[in-house]
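What follows is one structure encoded as structure tokens, with my remarks underneath.
The values are calculated or read from the model by the stated rules, or taken from the named source; none is laboratory data. Computed from a prediction, not measured in an experiment: that's the story for all the values here. Neighbour counts run over all protein chains shown; Cβ positions are idealised from the backbone, glycine included. Surface accessibility is based on the protein's heavy atoms, side chains included, excluding ligands, DNA and RNA. Shrake-Rupley method; radii C 1.70, N 1.55, O 1.52, S 1.80 Å.
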Amino acid sequence: MSAQYCKNATERPEPVKAEVKGNIPSWLQGTLLRNGPGIFSVGDTSYNHWFDGMSIMNSFTFKDGEMTHRSRFLRSDTYKANMAADRIVVSEMGTMAYPDPSKNFIVKAITFLNHTVPDFTDNGASNFIKYGNDYFATSETNYIRKIDPVTLETQDKVDYLKFLPINLATSHPHYDKEGNAYNIGTSIADKGKTKYTLFKVPAASEKDKGKNVPALKNADVICAVPCRSLLSPSYYHSFGMTDNYFIFVEQPFKLDILRMATAYMRGVNWASCLKFCPEENTLIHLIDRKTGKVVDTKYYTGSLVVYHHVNAFEVDGHVIFDVIAYNDSSLYDMFYIDKLKEEPASHDKRYSKPGYRRYVLPVHPDKGAAIGDDLVKLKFTTASAVKEKEGKLMCQAEVLCEGFELPRINYDVNGRRHQFVYGNIVEESAVSKQVAKFDTETKKMLYWGEEKCWPLEPVFVPRPKGESEDDGLLLISVINSNPGQSGFILILDGRTFKEVARAHVNGEIYKDMHGFFIPEGQ
């Protein structure tokens, strides 16, 4: 199945009605957008890594018990340049593009200079972001592409650097109830300092209504956190947010900037400049949302690699945050195309299984506590925060479960205590055969799986005026390799995890990264 993920997709830009089996509840009105790599070879050239593939966007629109599907390739500058040249000419993280051997010296010299100070790709194949009233396809570079969420047509190219001093930014922002967006990016050697910049993009204002004002024009920097190392900033993919705090995990999985500057010359890709330092601790930054200042207490834990935060919340003077964590950085390597095409047996031996970990940070630790004391005073978790010299707290997580990834919650409870998490079961490999509902209180799981069906990341849609946290529906793209059957959107009841309906699309569904649901009228 893994090898199937690496074939070029086919776009279907015109909406086509799906064949529905079961009954889609009438209250489900809106569009599920999904984004992921869809083109892996151009002409005689191919990408080395699955994450590098050029974006294909999918929309699944629900209205009056029916669903329509369409898909388009993101018409990024990267896409246009590659297609015009009929070869890959724009470098991605795992694939360095070199000029056609027939090109002259001047072209080669310019290409070399462009890679010494990299101008990154605008191939936003990871997720969608909403800033103001606008939607953007995004990866993790300084470029995002505005898209029309109805037609999936590609619109403006937006450079974060024109509004904020950031060279990289996450594709997992947070949103508050007023529609403000919060995100974090890395400023590399800005005014001689490398730092992590937290920023806010306000909700669309009345004065800008009807005007073509870039949402990022109103962005505000909340705070800047100095990097532990000037030329080796931490890699990160997401962060946590509660009502009063941001949680940023500065992990010992780092980008070596000097090695990146010489990667092209050395004939290696930028991903080879990512280094995991297992001998180093992880530093956890707790940032006050109101003051924009990092709290004085220094929180540490052992070395780890985190891609996805689950949620964070506050209880009795403690900040609790849940993450999906790995013991090493081998997950990225598993998605190189040649590794995906290997036999599963050899593939699985290198698999680093993730753990769902819960950390607890005492916000105002007892200064009179003795060294060696555990300062966590909560009964419902075994997570600890032990006082060390100089008042540092060494945090140990409670492992709630293992082999669980791509976590999604009812976002209405984001920043508050949650009970239920939905995600993919990845016990044996990164290729998921099941989705699950995990109860953080009872530690019980409910599963869905079907022969020769490969479910992707579940997205929870709450029922309007729902009666409970899990009162809603799960929307799940499913790749179907049963002969003569097409892929489908699976709809599960959020409470029982039983199938409500499935909508078969006219065409293939491809493995993707993340999804974003837009309720009708938003």
message = Taking the criterion of being open to solvent by less than 10 Å² (accessible area, probe 1.4 Å), assigned to a strand (DSSP E or B) and not aromatic (Phe, Trp, Tyr), would at least one residue in segment 425-436 satisfy it?
response = yes
key: Residues (under 13 Å from LEU28 (Cα atoms), open to solvent by 10 Å² or more (accessible area, probe 1.4 Å) and of a type in the set (Gly, Ala, Ser)) located in segment 448-478   = GLY466
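Would you check if there is a residue in segment 21-32 being closer than 29 Å to SER330 by Cα and not hydroxyl-bearing (Ser, Thr, Tyr)?
No: zero hits.
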remark   = Residue count, segment 74-86, condition surrounded by fewer than 21 Cβ atoms within 10 Å (Cβ to Cβ) and either in contact (Cβ under 8 Å) with a residue 60 or more places away in the chain or of a type in the set (Asp, Glu) (or both), comes to 3
Complete set of residues in segment 483-503 that are open to solvent by 20 Å² or more (accessible area, probe 1.4 Å) and of a type outside the set (Val, Ile, Thr) = PRO483, GLY484, GLN485, SER486, ASP493, ARG495, LYS498, GLU499, ARG502
task = With respect to SER187, determine if the residue is among the small types (Gly, Ala, Ser), in a strand (DSSP E or B) and in contact with a Lys or Arg (Cβ under 7 Å, 6 or more places away or on another chain).
result = yes
key: Which numbered condition LYS193 misses (of (1) closer than 14 Å to ASP134 by Cβ; (2) touching a strand residue (DSSP E or B) at 6+ places or on another chain (Cβ under 7 Å))   = (1)
inquiry  = For segment 437-447, give me each residue that is surrounded by fewer than 18 Cβ atoms within 10 Å (Cβ to Cβ), touching a residue at least 12 places away in the same chain (Cβ under 8 Å) and either of a type in the set (Val, Ile, Thr) or more than 15 Å from GLY494 (Cβ to Cβ) (or both).
reply    = GLU441, LYS443
request  = Would you check which residues across segment 299-357 are charged (D, E, K, R), at pLDDT 95 or above and over 23 Å from the mean Cα position of the chain (by Cα) and list them?
outcome  = GLU314, ASP316
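Table: residues versus (1) of a type outside the set (Asp, Glu); (2) more than 25 Å from the chain's Cα centre (by Cα); (3) open to solvent by less than 20 Å² (accessible area, probe 1.4 Å).
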{"position": "TYR359", "(1), (2), (3)": "yes, no, yes"}
{"position": "VAL386", "(1), (2), (3)": "yes, yes, no"}
{"position": "LEU393", "(1), (2), (3)": "yes, yes, yes"}
{"position": "TYR411", "(1), (2), (3)": "yes, no, no"}
message = List the strands (runs of 3 or more DSSP E) inside segment 452-522, counting only whole elements, that have at least 1 residues being at pLDDT 95 or above, more than 28 Å from ALA9 (Cα to Cα) and not charged (D, E, K, R).
response = 459-462, 472-480, 499-504
query = Based on what the data block shows, is LYS130 surrounded by fewer than 23 Cβ atoms within 10 Å (Cβ to Cβ), under 17 Å from the mean Cα position of the chain (by Cα), modelled with pLDDT of 95 or more and basic (Lys, Arg)?
reply = yes
query = What about LEU198, is it open to solvent by 10 Å² or more (accessible area, probe 1.4 Å), at pLDDT 95 or above, in a strand (DSSP E or B) and of a type in the set (A, V, I, L, M)?
reply = no
inquiry  = Looking at (1) under 27 Å from HIS174 (Cα atoms); (2) touching an Asp or Glu at 6+ places or on another chain (Cβ under 6 Å); (3) not charged (D, E, K, R), which one does PRO362 not meet, given that it meets all the others?
reply    = (2)
query = Counting just the residues of segment 1-40 that are hydroxyl-bearing (Ser, Thr, Tyr) and part of a loop (DSSP other than H, G, I, E, B), which one comes out surrounded by the fewest Cβ atoms within 10 Å (Cβ to Cβ)?
reply = SER26
ask   = Does GLN419 satisfy the condition of being open to solvent by 20 Å² or more (accessible area, probe 1.4 Å), at negative phi and free of Cβ contacts under 8 Å to residues at least 24 places away in the same chain?
value = no
remark   = When segment 41-68 is checked residue by residue, the ones that are assigned to a loop (DSSP other than H, G, I, E, B), over 30 Å from ASP471 (Cα atoms) and over 20 Å from the mean Cα position of the chain (by Cα) are GLY43, ASP44, TYR47, ASN48
Residue selected from segment 94-105 under the condition assigned to a loop (DSSP other than H, G, I, E, B) and open to solvent by less than 60 Å² (accessible area, probe 1.4 Å), by the criterion modelled with the lowest pLDDT = ASP100
query = So which of LYS146, LYS157 ends up being assigned to a strand (DSSP E or B), closer than 24 Å to MET54 by Cα, in contact (Cβ under 8 Å) with a residue 60 or more places away in the chain and not aromatic (Phe, Trp, Tyr)?
reply = LYS157
query = How about segment 277-349: which helices (runs of 4 or more DSSP H) wholly inside it have at least 1 residues that are open to solvent by 20 Å² or more (accessible area, probe 1.4 Å) and of a type in the set (S, T, N, Q)?
reply = 330-334, 344-348
